[in-house]
Amino acid sequence: MSGKPKRHHTVPKFYLEGFADGKMLHAVNIQDGSEHNTNVVNATAESHFYRVPDHPTDPDAFEAALSEAEGVAAGILRSIAAGAWPLSANNRFAFAQFMTLQFLRVQSHRRQMHHAIAAILRGLATDEPAEFERILALPGAPEGVDFANGEVPPLVSSAVHIQQISTLIPALVGHLLDRPWGLVRFDQPSLITSDEPLTPIPNPRESHNLGLGLENSWALLFPLTREVALVMFRTPIPSQMTPVDQQIVEGYFDYSREGDPASLQAFNANTVMHALRFVFHHPSDAHLMPSNAMDLAKLGGRINLDDFREDLRAAP
């Protein structure tokens with residue numbers, strides 16, 4: 001027996017502990033409304049999600065790398081919760097890397113990759129069937145792809161997902177670093193989280209038909225604990241940075257403020273709308289779940305929080 005963990009977490013246990021009673025959480029399935037108690041060991045755990053069976057040395061190498069990155073981030077999060085703010089430039093960069101990693105490591109990102117590849121293959125199957133057959137005959141190509149019969153097996157392996165994560169982190173981390181970070185502190189437990197904790201929100205003046213991610217989101221929201229959250233508004237920085245731009249990247253303009261009811265609503269509504277399947281909260285914090293969470297979840301994340309229909313506003 002190898003002793004390697006079979007259950008890989010798409011959201012780290014140390015992070016979920018910030019919303020738990022010890023190790024216990026309450027989970028709300030926003031797809032069907034069911035609820036249950038769970039613990040941080042089981043929440044967001046997927047069997048061998050990051051395992052690469054044909055890795056030349058260690059099939060669980062990425063899971064080990066995750067543990068190392070999470071250890072660094074856990075220390076920084078503890079310091080934030082204890083009152084350290086703003087972060088040093090080094091800690092800010094490390095935490096930006098962690099948040100970028102978190103954005104990319106989840107199930108939905110692998111699903112998006114699957115749908116993108118499926119769309120390309122479907123187009124080839126329709127317009128260029130000979131090229132479609134040639135691609136499927138290549139070594140390592142997925143087997144059993146038959147759009148005529150509706151058969152589309154998983155098209156993205158853990159290895160492909162991990163390779164994209166490794167490629168995109170250096171390319172995307174700057175989209176967090178070039179935003180001023182606002183630390184929002186609540187004087188009592190006010191925040192919930194989900195299986196997709198870093199959430200983008202759109203600019204109400206821009207098209208809502210574009211894919212929303214780290215680069216083009218108007219703001220990024222990240223609840224850190226029950227009482228503390230980050231908000232990061234976009235400040236486009238040109239390729240040739242000015243001294244002020246460099247100060248933004250280094251955290252010179254980071255700030256903190258007290259939370260208010262509007263902030264609480266924005267964070268918790270956005271958490272519900274972006275959850276893939278589960279929203280998590282402390283067992284004592286059921287009152288923080290919007291009473292209309294199922295309706296909010298159906299909307300998805302492409303919503304202007306300043307322009308909700310009145311009947312779809314998150315109930316405090």
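The values are calculated or read from the model by the stated rules, or taken from the named source; none is laboratory data. Worth saying up front: this structure is predicted, and the values here are computed from it rather than measured. When we count neighbours, we look across all protein chains shown, and the Cβ atoms used for this are built from the backbone with ideal geometry, even at glycine. The area values use the complete protein model at the heavy-atom level, side chains included, leaving out ligands, DNA and RNA. Shrake-Rupley method; radii C 1.70, N 1.55, O 1.52, S 1.80 Å.
Collect the residues in the stretch 150-197 that are of a type in the set (S, T, N, Q) and out of contact with any Pro (no Cβ under 8 Å at 6 or more places or on another chain), keeping them in residue-number order. Residues satisfying the conditions are Ser157, Ser158, Gln163, Gln164, Ser166, Thr167, Gln188, Ser190, Ser194. Is it true that Thr199 is polar (S, T, N, Q) and either modelled with pLDDT of 95 or more or within 17 Å of Leu288 (Cα to Cα) (or both)? Criteria not met by Thr199.
So which residues in the stretch 218-234 are within 13 Å of the chain's Cα centre (by Cα) and farther than 14 Å from Ser256 by Cβ? Result: Leu220, Leu221, Phe222, Pro223. Step by step: first the residues of the stretch 49-107, then only those that are open to solvent by less than 20 Å² (accessible area, probe 1.4 Å) and of a type in the set (Phe, Trp, Tyr), then the one that is farthest from the chain's Cα centre (by Cα). Which residue is that? Ranking the qualifying residues of the stretch 49-107, first place goes to Tyr50. Residues in the stretch 183-201 that are open to solvent by less than 30 Å² (accessible area, probe 1.4 Å) and within 14 Å of Leu264 (Cα to Cα): Leu183, Val184, Phe186, Ser190, Leu191, Ile192, Thr193. The residue pairs whose first member lies in the stretch 153-182 and is under 23 Å from Leu220 (Cα atoms) and of a type in the set (Gly, Ala, Ser), whose second member is in a helix (DSSP H, G or I) and open to solvent by 20 Å² or more (accessible area, probe 1.4 Å), and whose beta carbons are closer than 9 Å, counting only pairs six or more residues apart or on different chains, are Ser166/Phe62; Gly174/Val249. Listed by first and then second residue, the pairs with beta-carbon distance under 9 Å, at least 6 apart or on different chains, first residue in the stretch 276-287 and assigned to a strand (DSSP E or B), second of a type in the set (Phe, Trp, Tyr), are Phe280/Phe19; His281/Phe19. Report yes if some residue within the stretch 113-130 is of a type in the set (A, V, I, L, M), within 19 Å of Leu168 (Cα to Cα) and touching a residue at least 40 places away in the same chain (Cβ under 8 Å); otherwise report no. For the stretch 113-130, residues of a type in the set (A, V, I, L, M), within 19 Å of Leu168 (Cα to Cα) and touching a residue at least 40 places away in the same chain (Cβ under 8 Å): present.
Among the residues of the stretch 260-275, the one identified as in a loop (DSSP other than H, G, I, E, B) and within 22 Å of the chain's Cα centre (by Cα) is Ala275. Taking the stretch 1-48 as the range and being in a strand (DSSP E or B), out of contact with any Ser or Thr (no Cβ under 8 Å at 6 or more places or on another chain) and open to solvent by 50 Å² or more (accessible area, probe 1.4 Å) as the test, the residues that pass are Glu35, His36, Asn37, Ser47.
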